[in-house]
Amino acid sequence: MSAFNIKFSQGHKTMHLVKSREEYIRLRNSSKQIALVAEARKGNSDAKSKLEQMNYSCLPAEGGLLKGAKEQSNSVGMDIDFKLDPNSAEYKQLMEELPKKVIALKDELGLLMLERSVTKGFHVVFRRNYNMSQVENLKWASKLIGVDYDDRAKDITRVFYTTTASEEDLLSPDAALSTPAPAAAAAASAPSASSVPSASFPSQPPCSGVKPAVSPCSLSQPQAGEGYLGFTWQQIIAKYFDLFNNGKEPKAGNRNTLTFELAQALSPLVDYNLDSLLAIVPRYDSLPEQEWRTTLASAAQHRWKTMPRRTRQVLQALKDEALKNLLGGSPLLPPDMPKKLPPVLKLLTGKVPQPYKPCVAEGVFPALAAHLHGVKFRYIDNSEREAAIMCLLIAQMATGKSSVNMPIKRIMADIDERDKISMEMDNEWKQKNPSSKSSPRDPRPKEICIQNLSDNLTDACFNQRVFDAERNGHRYLFLKTDELNSMLRVTSRGNMQQLSLLIRNAFDNAEHGQERVGTDSITGKAPLRFNFHTSTTPSVARKLLKSALIDGTLSRLSVSSIEKEQTDGMIPKYGIYDDKFDADLKPFIDTLNRANGYYECKQLNRLIEGLVMDCKDKAVQYDSEGYEILSRRACVIAFSKGMVLYILNGKRWSREIADYVDWSLRYDMWCKMKHFGEMLEEELDNEKQALNSGMVNLYDLLPDTFTLEEYQRVRMTLGKTSDGNATLRKWKQRRQVEFDEIANAYVKTKRSAA
């Protein structure tokens with residue numbers, strides 16, 4: 001069957017193909033889904049609206065949109081809704097007998113999936129008979145089963161609220177998925193529903209051929225009508241000119257050059273096949289046909305050693321956009337923040353304009369968490385965590401990055417008052433005890449603890465603050481800077497390498513300190529507890545973090561942004577932070593200051609388990625190793641924020657906390673992929689090439705039967721420049737391969753395989 005998972009994006013329903021049974025079961029059986037189904041069956045309509053949604057009857061329209069989709073997939077979804085009293089004997093009899101009847105008719109019906117619905121009835125998915133319309137298919141199945149279908153659910157865009165994968169809910173455990181085929185293509189043979197062979201899971205699902213689909217898929221033999229990696233040629237070409245010609249198509253004066261460059265970039269994607277290039281590269285601005293053909297032929301003759309840089313950039317940009325869409329945002333705008341926030345965030349974001357609320361909501365967590373001391377959480381992998389949260393706000397100049405300053409200042413007010421007392425004590429001790437080798441110094445007061453740091457520290461001073469914070473109740477240090485560059489001054493060396501190490505140690509609360517022999521020197525180590533909030537522009541962020549993308553630094557940061565498209569050049573007007581605001585904030589700060597010991601929230605753990613699996617599915621779906629790597633710690637960061645909110649809510653779980661944690665993870669990942677996704681993927685590719693630069697067995701990489709084109713394509717992926725004909729001749733001489741003239745392919749010999 002063709003199963004599409006439904007999400008909301010910018011007010012529209014979007015859909016993506018569920019490519020494997022494993023993904024289908026994970027979506028149905030996540031902890032979050034199981035909990036929502038239980039609540040929905042108790043009559044909670046809000047829980048029902050948050051269930052996973054599936055469509056089994058249509059193919060997506062432009063951009064994955066469900067709205068207005070017209071083409072039919074290879075399966076039909078039917079809703080059976082019993083309008084009877086659930087306590088009546090007739091209802092109970094129908095609920096018991098119908099599954100048996102449907103399963104008994106599975107061959108004739110072409111049954112693909114049977115599930116118990118959320119409330120009263122069942123959902124049946126069966127093979128589409130392409131001779132019939134959607135309604136005719138439903139009527140045919142309804143007559144066969146002997147039960148009415150819900151005539152309100154007759155449209156091909158009908159969405160079903162999905163239940164769990166338990167034996168009680170998923171009544172056809174052998175339900176199979178397949179890649180959807182367009183109705184027009186399947187109608188050529190027009191088989192009856194009972195004669196269609198059973199669907200199965202392909203190890204690499206072939207491309208559907210549907211132009212607007214954005215589902216990644218394997219493309220072993222590129223064809224002009226298919227596209228590449230799930231993206232249509234129109235999408236690829238449009239993105240190419242968007243990146244390399246300001247979004248403008250070639251015109252007279254540059255059409256020959258730009259057409260040649262485009263054809264060169266596309267050639268590796270079609271195995272340098274001229275016919276394929278002629279089928280996909282347009283003739284821009286009435287370029288004479290013979291010139292157009294000659295230009296494409298010249299481009300196809302140039303063979304690249306590896307995938308061209310521009311081609312990789314285009315594909316990566318498309319993947320990044322698809323990921324952002326999947327996360328609920330768009331290429332330009334991040335996912336919308338929940339309208340209903342937990343009380344503390346509602347208060348802290350209440351005096352900033354709407355475009356700045358997300359970055360303020362995210363930016364206050366390091367300061368809030370700095371009030372916790374001696375507080376530990378148990379993460380889903382059973383490791384102990386603390387509220388280590390470090391935020392980076394990325395936005396262009398003059399877009400309102402300072403909007404987070406006042407909320408943080410008000411949060412830190414009580415710590416600042418305590419710091420003043422400690423600073424006076426520290427200064428007084430220094431005056432009474434000047435550094436001297438001849439006279440002994442009085443012991444430094446143990447109660448000194450300065451948490452709110454300046455951005456210009458020596459290593460010795462920073463280490464002293466770490467020891468003091470540990471000695472005074474395992475407290476957190478905090479730093480707020482307006483520029484990421486200022487963070488470099490936290491270490492004596494003032495470079496990104498040292499700051500990167502500091503960030504990694506702080507996230508893991510690793511031991512930090514130094515060993516010195518001098519009597520006046522700071523000596524010893526303590527767990528590093530250090531939260532901060534800093535801001536920067538996109539270019540500076542990429543420049544400074546370029547060397548810290550794959551060492552774990554970026555993944556340990558919570559990233560937020562302000563998009564110019566959101567602010568629309570407006571002059572932000574902030575509310576007044578008065579005594580009433582401070583009075584409303586005080587109970588929350590007091591709650592954090594009182595917190596101590598071990599905290600656990602089972603509902604949050606279940607939510608995070610589901611989000612971890614969702615992230616893995618997204619990474620697989622979009623073939624993004626970078627996304628998968630970043631999401632691991634992004635889930636930990638979202639968990640830490642959830643625990644802070646849980647404590648602030650009086651150790652009570654709420655739907656507002658769940659919605660915020662879910663959004664915070666997607667928002668964090670959207671921002672990271674927007675600003676660093678392409679750079680990260682490139683760094684990972686470079687690292688792989690370095691790891692694979694040793695001896696690679698070309699022979700073992702090839703299938704048992706391979707064509708010359710496949711052989712050359714594998715050589716190209718290994719970075720080999722020659723045509724490889726000499727190697728093939730040696731293999732034939734040594735009888736490692738034989739050439740099958742009928743199949744026009746090389747075949748590995750049994751002797752060599754042994």
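The values are calculated or read from the model by the stated rules, or taken from the named source; none is laboratory data. Just so you know, these numbers come straight off a predicted model, no measurement behind them. Because the Cβ atoms are built from the backbone with ideal geometry, glycine has one as well, and the counts that use them run over all protein chains shown. Areas reflect the complete protein model, heavy atoms only, side chains present, ligands, DNA and RNA absent. Shrake-Rupley method; radii C 1.70, N 1.55, O 1.52, S 1.80 Å.
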Discussion item. Filter region 270-282 down to the residues that are part of a loop (DSSP other than H, G, I, E, B) and touching a Lys or Arg at 6+ places or on another chain (Cβ under 9 Å) and list them by number.
Written reply: Asp271, Tyr272
Discussion item. What are the pairs with Cβ atoms under 6 angstrom where one residue, in region 231-243, is under 14 Å from Asp320 (Cα atoms) and the other, located anywhere, is open to solvent by 10 Å² or more (accessible area, probe 1.4 Å) and in a helix (DSSP H, G or I)? Sequence gap at least six, or different chains.
Written reply: Phe231/Leu318; Lys239/Ala317; Lys239/Leu318
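For every residue, the table says whether it meets (1) buried (at least 21 other Cβ atoms within 10 Å of the Cβ); (2) of a type outside the set (A, V, I, L, M); (3) more than 18 Å from the chain's Cα centre (by Cα).
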residue: Tyr627; (1), (2), (3): yes, yes, no
residue: Leu630; (1), (2), (3): yes, no, no
residue: Arg633; (1), (2), (3): no, yes, no
residue: Met643; (1), (2), (3): yes, no, yes
residue: Trp653; (1), (2), (3): no, yes, yes
residue: Ser664; (1), (2), (3): yes, yes, no
residue: Tyr667; (1), (2), (3): yes, yes, no
residue: Trp670; (1), (2), (3): yes, yes, no
Worksheet, complete the sentence: When Leu114 is run through (1) under 23 Å from Glu39 (Cα atoms); (2) part of a loop (DSSP other than H, G, I, E, B), the failure sits at (2)
Item to complete: Please work out which one of (1) out of contact with any strand residue (DSSP E or B) (no Cβ under 7 Å at 6 or more places or on another chain); (2) under 30 Å from Cys671 (Cα atoms); (3) open to solvent by less than 50 Å² (accessible area, probe 1.4 Å) is the condition Trp429 fails and give its number.
Response: (2)
Discussion item. For Asp508, only one of the following conditions fails: (1) within 18 Å of Arg633 (Cβ to Cβ); (2) open to solvent by less than 30 Å² (accessible area, probe 1.4 Å); (3) at pLDDT 90 or above. What is its number?
Written reply: (2)
Discussion item. Considering only residues that are in a helix (DSSP H, G or I) and under 12 Å from Phe581 (Cα atoms), which ones fall in region 347-362?
Written reply: Leu347, Leu348
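Among the candidates Leu348, Leu392, which residue alone is modelled with pLDDT of 95 or more, in contact with a strand residue (DSSP E or B) (Cβ under 6 Å, 6 or more places away or on another chain), farther than 26 Å from Arg606 by Cα and not small (Gly, Ala, Ser)?
Working: Leu348 fails: in contact with a strand residue (DSSP E or B) (Cβ under 6 Å, 6 or more places away or on another chain).
Unique residue meeting the criteria: Leu392.
Could you identify the single residue in Leu392, Leu372, Leu368 that is hydrophobic (A, V, I, L, M, F, W, C) and part of a loop (DSSP other than H, G, I, E, B)? Please lay out each step first, then the result.
On the way: Leu392 fails: part of a loop (DSSP other than H, G, I, E, B); Leu368 fails: part of a loop (DSSP other than H, G, I, E, B).
When all the criteria are applied, what remains is Leu372.
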Worksheet item: Filter region 452-482 for residues that are part of a helix (DSSP H, G or I) and either of a type in the set (Asp, Glu) or at positive phi (or both); which is surrounded by the most Cβ atoms within 10 Å (Cβ to Cβ)?
Response: Asp468
Worksheet item: Where residues in region 577-598 are in contact with a helix residue (DSSP H, G or I) (Cβ under 6 Å, 6 or more places away or on another chain) and outside any helix (DSSP H, G or I), which of them is least open to solvent (accessible area, probe 1.4 Å)?
Response: Ala595
Response to the item:
With criteria (1) open to solvent by less than 50 Å² (accessible area, probe 1.4 Å); (2) over 20 Å from Phe467 (Cα atoms), Gln354 comes up short on (1)
Worksheet, complete the sentence: With criteria (1) touching a residue at least 24 places away in the same chain (Cβ under 8 Å); (2) surrounded by fewer than 24 Cβ atoms within 10 Å (Cβ to Cβ); (3) outside any helix (DSSP H, G or I), Asp381 comes up short on (1)
Worksheet item: Looking at this structure, is Met669 among the aliphatic types (A, V, I, L, M) and touching a Leu at 6+ places or on another chain (Cβ under 8 Å)?
Response: yes
Practice prompt. Select from region 149-168 the residues that are part of a loop (DSSP other than H, G, I, E, B), touching a helix residue (DSSP H, G or I) at 6+ places or on another chain (Cβ under 7 Å) and of a type in the set (Ser, Thr, Tyr) and list them in ascending order.
Written response: Tyr149, Thr162, Thr163, Thr164
Practice prompt. Hey, can you tell me all the residues within region 267-320 that are under 21 Å from Leu684 (Cα atoms), of a type in the set (D, E, K, R) and open to solvent by 50 Å² or more (accessible area, probe 1.4 Å)?
Written response: Lys305, Arg309, Arg310, Arg312
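So which of Gly68, Gly64, Gly43 is modelled with pLDDT under 85, open to solvent by less than 10 Å² (accessible area, probe 1.4 Å), farther than 14 Å from Glu115 by Cα and not basic (Lys, Arg)?
Details: Gly68 fails: open to solvent by less than 10 Å² (accessible area, probe 1.4 Å); Gly43 fails: open to solvent by less than 10 Å² (accessible area, probe 1.4 Å).
Exactly one of Gly68, Gly64, Gly43 is modelled with pLDDT under 85, open to solvent by less than 10 Å² (accessible area, probe 1.4 Å), farther than 14 Å from Glu115 by Cα and not basic (Lys, Arg), namely Gly64.
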Worksheet entry | Test for Asn433: is it of a type in the set (S, T, N, Q) and modelled with pLDDT of 90 or more | no
Practice prompt. Scan region 251-268 residue by residue and report those that are modelled with pLDDT of 90 or more and either on the phi > 0 side of the Ramachandran plot or acidic (Asp, Glu) (or both).
Written response: Glu261
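Just to be sure before I move on: is Leu345 under 16 Å from Asn452 (Cα atoms), in contact (Cβ under 8 Å) with a residue 24 or more places away in the chain and open to solvent by less than 10 Å² (accessible area, probe 1.4 Å) in the structure I sent?
Numbers: under 16 Å from Asn452 (Cα atoms): no; in contact (Cβ under 8 Å) with a residue 24 or more places away in the chain: yes; open to solvent by less than 10 Å² (accessible area, probe 1.4 Å): yes.
So Leu345 does not fit the description; no.
Is there a residue in region 396-403 that is open to solvent by 10 Å² or more (accessible area, probe 1.4 Å), part of a helix (DSSP H, G or I) and in contact (Cβ under 8 Å) with a residue 40 or more places away in the chain? Spell out how you get there, then give the answer.
First pass over region 396-403, keeping only residues open to solvent by 10 Å² or more (accessible area, probe 1.4 Å): 396-398, 400-402.
The next check asks that each one be part of a helix (DSSP H, G or I); those that pass are 401-402.
Narrowing the set further to residues that are in contact (Cβ under 8 Å) with a residue 40 or more places away in the chain leaves 401-402.
Looking through region 396-403, at least one residue is open to solvent by 10 Å² or more (accessible area, probe 1.4 Å), part of a helix (DSSP H, G or I) and in contact (Cβ under 8 Å) with a residue 40 or more places away in the chain.
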Fill in: Top-ranked residue in region 139-165 [being within 19 Å of Gln53 (Cβ to Cβ) and of a type in the set (Gly, Ala, Ser); ranked as most open to solvent (accessible area, probe 1.4 Å)]
Ala165
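Restricting to region 294-316, name every residue that is part of a helix (DSSP H, G or I) and under 20 Å from Pro282 (Cβ atoms).
Of the residues in region 294-316, the ones part of a helix (DSSP H, G or I) are 294-301, 309-316.
Residues satisfying the conditions are Thr294, Thr295, Leu296, Ala297, Ser298, Ala299, Ala300, Arg310, Thr311, Val314, Leu315.
Just to verify a result, which residue in region 16-36, among those that are β-branched (Val, Ile, Thr) and touching a strand residue (DSSP E or B) at 6+ places or on another chain (Cβ under 9 Å), is least open to solvent (accessible area, probe 1.4 Å)?
First, the residues of region 16-36 that are β-branched (Val, Ile, Thr): 18, 25, 34.
Imposing the further condition that a residue be touching a strand residue (DSSP E or B) at 6+ places or on another chain (Cβ under 9 Å) reduces the set to 18, 25.
Working: Val18: 2, Ile25: 44 Å².
Filtering region 16-36 for residues that are β-branched (Val, Ile, Thr) and touching a strand residue (DSSP E or B) at 6+ places or on another chain (Cβ under 9 Å), the one least open to solvent (accessible area, probe 1.4 Å) comes out as Val18.
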Worksheet item: (1) modelled with pLDDT of 85 or more; (2) over 24 Å from Tyr24 (Cα atoms); (3) of a type in the set (A, V, I, L, M): which one isn't true of Leu109, the others all being true?
Response: (2)
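Given the options Glu136, Glu168, Glu90, name the one that is open to solvent by 80 Å² or more (accessible area, probe 1.4 Å) and in contact with a Leu (Cβ under 8 Å, 6 or more places away or on another chain).
On the way: Glu136 fails: in contact with a Leu (Cβ under 8 Å, 6 or more places away or on another chain); Glu168 fails: in contact with a Leu (Cβ under 8 Å, 6 or more places away or on another chain).
Exactly one of Glu136, Glu168, Glu90 is open to solvent by 80 Å² or more (accessible area, probe 1.4 Å) and in contact with a Leu (Cβ under 8 Å, 6 or more places away or on another chain), namely Glu90.
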Worksheet, complete the sentence: Exactly one of Asp442, Asp416 is open to solvent by 20 Å² or more (accessible area, probe 1.4 Å) and touching a strand residue (DSSP E or B) at 6+ places or on another chain (Cβ under 9 Å), and that residue is Asp416
